1. Could you pull out the residue among Ala17, Ala25 that is more than 14 Å from the chain's Cα centre (by Cα), among the aliphatic types (A, V, I, L, M) and assigned to a helix (DSSP H, G or I)?
2. Right, Phe126: over 23 Å from Ala63 (Cβ atoms), among the aromatic types (Phe, Trp, Tyr) and touching a strand residue (DSSP E or B) at 6+ places or on another chain (Cβ under 6 Å) or not?
3. In the set Thr91, Thr61, which member is at pLDDT 95 or above, closer than 30 Å to Pro139 by Cβ and assigned to a helix (DSSP H, G or I)?
4. Do you know which of the residues in the range 32-55 that are closer than 11 Å to Ser187 by Cα and surrounded by 18 or more Cβ atoms within 10 Å (Cβ to Cβ) is nearest to the chain's Cα centre (by Cα)?
5. From the list Gly47, Gly42, Gly86, exactly one residue is more than 13 Å from Val121 (Cβ to Cβ) and in contact with a helix residue (DSSP H, G or I) (Cβ under 9 Å, 6 or more places away or on another chain). Which is it?
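The values are calculated or read from the model by the stated rules, or taken from the named source; none is laboratory data. The model shown is predicted, which means the values in this text are computed figures rather than measured ones. Every residue, glycine as well, gets a Cβ built from its backbone with ideal geometry; the counts of neighbours run over all protein chains shown.
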Amino acid sequence: MRILAIHAHPDDIEILAGGAFALLARAGVSLTFCTMTPGDCGSAEMGPEEIAALRRVEAATAAMMLGADYICAEYRDMRVFNDEAGREKMTQLLRRVRPDIVITANTPDYHCDHEATHLLVRDACFGASTPNYVPGEHPALDHIPHLYFMDSTSGIDRDGNTLRPEFLVDVAETIEMKAALIGCHESQRAWLKKQHGLDDYVDSSIRWTAGRGALAGLAYAEGFRQYHGHPYPQTPLLQEMFERLTTVVNL
């Protein structure tokens, strides 16, 4: 079983689903983490190439802690667009990794790159299994992967309205690992304080994870939803995997 996690920027995967991926890694699941960009706008002190180089290392370090592979798709911050070139690029990446399950960004969300990632990955999952669509180095997938979405950032939409996930995964057993994974992205401490008003991005993420758990009487949880559009796979493959590892609560 191969799972591909795709989000916009380095640290998004760890903040939104680091505990769940730690559970899967502990169970021996093959994981690949992909960020759409190297986070080239994530600093007020360093230039884009300097911060991008640092953030690639931080992302790869976090992935390595779980035994996951890391890929940067090399789009650029604020330049992730759901256009023809972007869709073709993401389709080829999916064919290269060949995942059984794809877990990506949710929508609506506060950031344009998050929402564009959602659309690109959703459509590329379809295109990756279509042999006549942008034939290239890697053959088309045999089938559309199961597609899931992580929570939106802070569990809210652009206007601050609460978004409820489809199901919650208990991550109390891996909450310390989640904190360590987020901590790998040290370059973001100053940026998140300046741009987002977060005094401690690790503690803020853990408090948010506790808030998600409170929806189901759990100490800590992370939320997901499955894409139910036709003709994407509808069997609860990811839910069943998590149920073998921890408590799963359907909302």
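1. Unique residue meeting the criteria: Ala25.
2. Here the answer is no, as Phe126 does not meet what is asked.
3. Being at pLDDT 95 or above, closer than 30 Å to Pro139 by Cβ and assigned to a helix (DSSP H, G or I) holds for just one of Thr91, Thr61, which is Thr91.
4. Gly39
5. Values: Gly47 fails: in contact with a helix residue (DSSP H, G or I) (Cβ under 9 Å, 6 or more places away or on another chain); Gly86 fails: more than 13 Å from Val121 (Cβ to Cβ).
Just a single option satisfies the conditions, and that option is Gly42.
This table checks each residue for (1) within 20 Å of Val249 (Cα to Cα); (2) small (Gly, Ala, Ser); (3) within 15 Å of the chain's Cα centre (by Cα).
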| site | (1), (2), (3) |
| --- | --- |
| Ala128 | no, yes, no |
| His138 | no, no, no |
| Pro145 | no, no, no |
| Tyr148 | yes, no, yes |
| Ser154 | yes, yes, yes |
| Asp170 | yes, no, no |
| Glu176 | no, no, no |
| Leu181 | no, no, yes |
